[in-house]
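Colleague: Below is a structure I'd like to ask you about.
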Amino acid sequence: MKPRILQYGRLMPSLEKQLVEHFDVHRLIDEADPQAYVAAHGAEFKGLATAGFADVALMDALPNVRVISSFGVGVDRIDIAGALKRGIQVGNTPDVLNDCVADLAMGLVIDVSRGMGAAERHLRRGDWINGPYLLTRRVSGKRMGIVGLGRIGRTIARRASGFDMEMAYHNRRPVADAGMRYEPSLHELARWADYLVVIVPGGDSTRHLIDASVLDALGPDGYLVNVARGTVVDEPALVRALTEKRIAGAALDVFYNEPHVPAELMVMENVVLMPHIASGTVETRAAMAQRVFDNLQSFFATGQVVSPVTQQ
Ligand code: NAP
Ligand code: 8YV
């Protein structure tokens with residue numbers, strides 16, 4: 001008999017198809033009253049496939065679920081401690097997205113400095129006829145400060161080394177084989193950097209890590225690049241710093257209240273805005289989908305997911 005799985009949120013159609021072929025799947029999004037449905041049927045499910053969310057209320061409503069497989073590496077909307085306490089394994093999709101997230105981070109560094117998006121808007125508006133585009137800022141040879149030298153942070157560093165950039169990083173602890181300077185003070189890193197690239201996990205431990213004081217340390221010639229989570233940046237403080245020209249610009253793939261983006265940012269030419277697309281390539285999303293499937297299949301075959309999450 002196929003294990004019964006609850007699907008929370010929308011997943012890629014190819015993944016939904018693969019899940020249905022191997023599991024007895026029920027999609028919670030098809031229920032008019034999801035809460036009433038899980039209250040009545042929650043005990044039927046052995047696993048949960050989720051688009052990134054699982055709180056303890058949901059886990060309690062699914063008392064026989066022993067595995068959660070989540071689409072994405074970030075687990076900030078999954079209560080990991082709550083899952084582990086209930087004997088539930090959580091699987092995510094690390095590593096397979098490092099390259100694409102790092103590619104986009106590097107693209108954002110280039111775009112916010114060289115004004116590629118802004119210059120193209122200038123051309124498309126027909127403004128080139130009236131004169132050349134403004135001079136922009138050089139990228140090669142500049143200083144990049146990486147906040148979060150983990151799997152993706154290290155991949156970003158490899159990209160930046162191809163641009164002859166000087167690099168340093170800040171984590172809570174130094175990384176043994178980082179091959180670059182560790183900066184124990186986030187403020188000192190921001191003061192030193194031309195680009196502060198943020199790629200830490202979201203959640204309570206990093207909420208507003210990038211606040212007004214870090215932005216002031218980055219200063220009027222510095223750029224903020226955030227490909228982590230919107231919660232990591234104090235967004236109103238960022239809007240104020242940009243409005244008052246206390247930083248040079250920002251490039252953001254993630255926002256505090258997605259898909260809502262502060263109106264002030266929408267009209268700023270020194271700000272690059274992306275709709276959370278860093279992992280969004282055909283190749284990477286297919287690999288992420290496969291890992292969601294593999295985590296479930298491996299759990300039901302061996303009792304272990306492929307990519308276990310052991311802490312938030
Ligand atoms: P990872 O390998 O776990 O790396 C995270 C790094 O952040 C670690 O080096 C960690 O070092 C550091 N860190 C954690 N908390 C910190 C803190 N409070 N202060 C400073 N450094 C801290 O994770 P990853 O696979 O690279 O992914 C990172 C995050 O990127 C994900 O959790 C997700 O939220 C985000 N992401 C976004 C997208 C997107 O589409 N934009 C795509 C993929 C991932 P220490 O533990 O030593 O501090
Ligand atoms: C999203 C991400 O999962 O992996 C992560 O943590 O933020 C992304 O890859 C993806 O955008 C689907 O929501």
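The values are calculated or read from the model by the stated rules, or taken from the named source; none is laboratory data. Source: prediction; values computed, not measured. Glycine also receives a Cβ, built like all others from the backbone with ideal geometry; neighbour counts cover every protein chain displayed. Ligands, DNA and RNA are excluded from the accessible area calculation, which covers all protein heavy atoms including side chains. Shrake-Rupley method; radii C 1.70, N 1.55, O 1.52, S 1.80 Å.
Colleague: Failed condition for residue 147, given (1) in contact (Cβ under 8 Å) with a residue 40 or more places away in the chain; (2) open to solvent by 30 Å² or more (accessible area, probe 1.4 Å); (3) under 29 Å from residue 72 (Cα atoms), with all others met?
Modeller: For residue 147, the exception is condition (2).
Colleague: Kindly indicate the residue of the range 72-85 that is away from ligand 1 (no atom under 11 Å from the Cβ) and either part of a helix (DSSP H, G or I) or touching a Lys or Arg at 6+ places or on another chain (Cβ under 8 Å) (or both) and also most open to solvent (accessible area, probe 1.4 Å) among those meeting that condition.
Modeller: Among residues in the range 72-85 that are away from ligand 1 (no atom under 11 Å from the Cβ) and either part of a helix (DSSP H, G or I) or touching a Lys or Arg at 6+ places or on another chain (Cβ under 8 Å) (or both), the one most open to solvent (accessible area, probe 1.4 Å) is 85.
Colleague: So, in the range 53-71, of the ones that are open to solvent by less than 10 Å² (accessible area, probe 1.4 Å) and touching a Ser or Thr at 6+ places or on another chain (Cβ under 8 Å), which residue ends up nearest to residue 195 (Cα to Cα)?
Modeller: Out of the qualifying residues, it is 70.
Colleague: Please verify whether the range 116-134 includes one or more residues that are more than 16 Å from ligand 2 (Cβ to nearest atom), of a type in the set (Ser, Thr, Tyr), surrounded by 13 or more Cβ atoms within 10 Å (Cβ to Cβ) and over 18 Å from residue 222 (Cβ atoms).
Modeller: Initially, the range 116-134 is screened for residues more than 16 Å from ligand 2 (Cβ to nearest atom), giving 116-134.
Those still in the list that are of a type in the set (Ser, Thr, Tyr) too: 133.
The next check asks that each one be surrounded by 13 or more Cβ atoms within 10 Å (Cβ to Cβ); those that pass are 133.
From what's left, over 18 Å from residue 222 (Cβ atoms): 133.
Yes; the residues of the range 116-134 include at least one that is more than 16 Å from ligand 2 (Cβ to nearest atom), of a type in the set (Ser, Thr, Tyr), surrounded by 13 or more Cβ atoms within 10 Å (Cβ to Cβ) and over 18 Å from residue 222 (Cβ atoms).
Colleague: Please work out which residue is farthest from ligand 1 (Cβ to nearest atom), limiting yourself to the range 257-307 and to residues that are part of a helix (DSSP H, G or I) and charged (D, E, K, R).
Modeller: Here is the first cut: in the range 257-307, the ones part of a helix (DSSP H, G or I) are 263-266, 282-302.
Filter once more, keeping what is charged (D, E, K, R): 264, 283, 285, 291, 294.
Details: 264: 21, 283: 14, 285: 11, 291: 13, 294: 17 Å.
That would be 264.
Colleague: If the requirement is being closer than 28 Å to residue 91 by Cβ, assigned by TED's automatic domain parsing to the domain that holds residue 183 and either touching an Asp or Glu at 6+ places or on another chain (Cβ under 8 Å) or free of Cβ contacts under 8 Å to residues at least 24 places away in the same chain (or both), which of these qualifies: 256, 223? Explain how you work it out, then say what you get.
Modeller: Values: 223 fails: closer than 28 Å to residue 91 by Cβ.
Being closer than 28 Å to residue 91 by Cβ, assigned by TED's automatic domain parsing to the domain that holds residue 183 and either touching an Asp or Glu at 6+ places or on another chain (Cβ under 8 Å) or free of Cβ contacts under 8 Å to residues at least 24 places away in the same chain (or both) holds for just one of 256, 223, which is 256.
Colleague: So is residue 280 under 24 Å from residue 155 (Cα atoms), among the small types (Gly, Ala, Ser) and either in contact (Cβ under 8 Å) with a residue 24 or more places away in the chain or not assigned by TED's automatic domain parsing to the domain that holds residue 78 (or both) or not?
Modeller: Values: under 24 Å from residue 155 (Cα atoms): yes; among the small types (Gly, Ala, Ser): yes; either in contact (Cβ under 8 Å) with a residue 24 or more places away in the chain or not assigned by TED's automatic domain parsing to the domain that holds residue 78 (or both): yes.
Judged against the criteria, residue 280 is a match.
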